[in-house]
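Encoded as structure tokens, the structure appears first; notes follow it.
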Amino acid sequence: MIKVILFFLATFHSSALFAKQITWIVLDFAPYYILSDELEGQGRDELLIRLIQPYMPDYAFNYKLFPASRAIYELSNVNNQYCMISLYKTTERQKHIAFSDEYSTIGLSTSIALRKDIAQSLGLNNSAVDLEKLVTTHGLNVGIAANRSFGEQLDSLLASLPNDQVTVRPGRDALASLTVMLLKKRVDIILGYPSEHHYHKLNVDKHDELTQVRINAYSQITSGFAGCNNNTVGKTQIAAISEALKKVHQDEQFRLAMSRWLPEQLRPQLASIFLK
């Protein structure tokens, strides 16, 4: 009987301990997390987590680094106790992950980075492009980071493309690797978000060879949501995170964090969202 009581006390203590702390999954994926240069700590998602913390005084924040390709696996394991600050909320992911009701991040939708010589040869300018046509009609090879979602509609399109024209890059800082591959002509186009392409262009495109264009037929605005492991503690944590996000959205620093890594010419487009 004593052993049974001790077991339940230990279980209760363990749950209480987890309930008062959040271990955030951190990725080596700039510009959301910047881990190793002079701008360390200035990633968009890092800034957001720091904005949330004052609104969650009962919680201690911890951090765990994973490769981007492993993050969803860890977050989908019901036996783990992690949270992540910005995720696409898809039907499939909602089966395994507890998501916030409130959006956590907001930004401009997926864009294509490509070399200027390809853009010029195809007559591409600032107008939106047809991704499927670029691959199937023009025979371009598209690079994407492993285990990454761009929303259900775009994910479905990517899944329908010929396998030999889609290069999937696993590991840490996958988009940085893909950007180097783009410059070396190992892929023709890569998918990411405007702030990501801008950050990597600043870091590796020394001869101004790259540009980016929007993808047509998709919303030009995208929202991310916080997510935690789908268990009792995770559901409690994500409810608290949602309440904190409501308050963070009213903070001017939130708006600055969301536009931190956007190219100057695109910042007014994002700013217009906050004025609505």
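Laid out as a table, the results:
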| item | result |
| --- | --- |
| Residues of type lysines that LYS95 reaches as a straight line, Cα spacing below 24 Å, ignoring anything fewer than 8 places off in the same chain | LYS64, LYS235 |
| Partners for LYS20 among aspartates and glutamates (Cα-Cα distance below 13 Å; same-chain residues under 8 apart left out) | ASP58 |
| Rounded percent of accessible protein surface that carbon and sulfur make up, the chain, 1.4 Å probe | 53 percent |
| Mean accessible surface per residue for segment 111-214, computed with a 1.4 Å probe while every protein chain stays in place, in Å² | 48 Å² |
| Candidate lysines for bridging to LYS133, where Cα separation is under 26 Å - those fewer than 8 sequence places away on the same chain excluded | LYS116, LYS184, LYS185, LYS201 |
| C-alpha center-to-center spacing [segment 99-116, segment 193-252] in angstrom | 5 Å |
| For peptides 222-229, 117-124, 50-57, sequence by mean Cβ density within 10 Å, most packed first | 222-229, 50-57, 117-124 |
| Cut-off 9 Å between beta-carbons: net charge of the residues surrounding GLY143, Lys and Arg +1, Asp and Glu -1 | +1 |
| 0 to 90° range, to nearest 10: angle between helix 232-248 axis and the chain longest Cα axis | 60 degrees |
| HIS96 accessible area, 1.4 Å probe, all protein chains in place, Å² to nearest 10 | 80 Å² |
| DSSP-loop trypsin sites (Lys or Arg not before Pro) across segment 140-249, with at most 10 other Cβ within 10 angstrom | LYS184, LYS206 |
| Square roots of five times the Cα gyration tensor eigenvalues for the chain, Å | 37, 21, 17 |
| The chain: angle of helix 174-183 to the longest principal axis, Cα-based, in degrees nearest 10 | 10 degrees |
| For the chain, share of DSSP beta bridges that run antiparallel, in % to the nearest 5 | 55 percent |
| Within the chain, helix-based [θ] at 222 nm, where runs of 4 or more DSSP H residues each add -39,500 (n - 2.57), nearest 500 | -12000 deg cm²/dmol |
| Ordering of 58-65, 73-80 by packing [mean C-beta count within 10 Å, highest first] | 73-80, 58-65 |
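The values are calculated or read from the model by the stated rules, or taken from the named source; none is laboratory data. Everything numeric here is computed off the predicted structure, so don't read it as measured data. Glycine also receives a Cβ, built like all others from the backbone with ideal geometry; neighbour counts cover every protein chain displayed. Quick note on the areas: whole protein, heavy atoms, side chains included, nothing else; ligands and nucleic acids left out. Shrake-Rupley method; radii C 1.70, N 1.55, O 1.52, S 1.80 Å.
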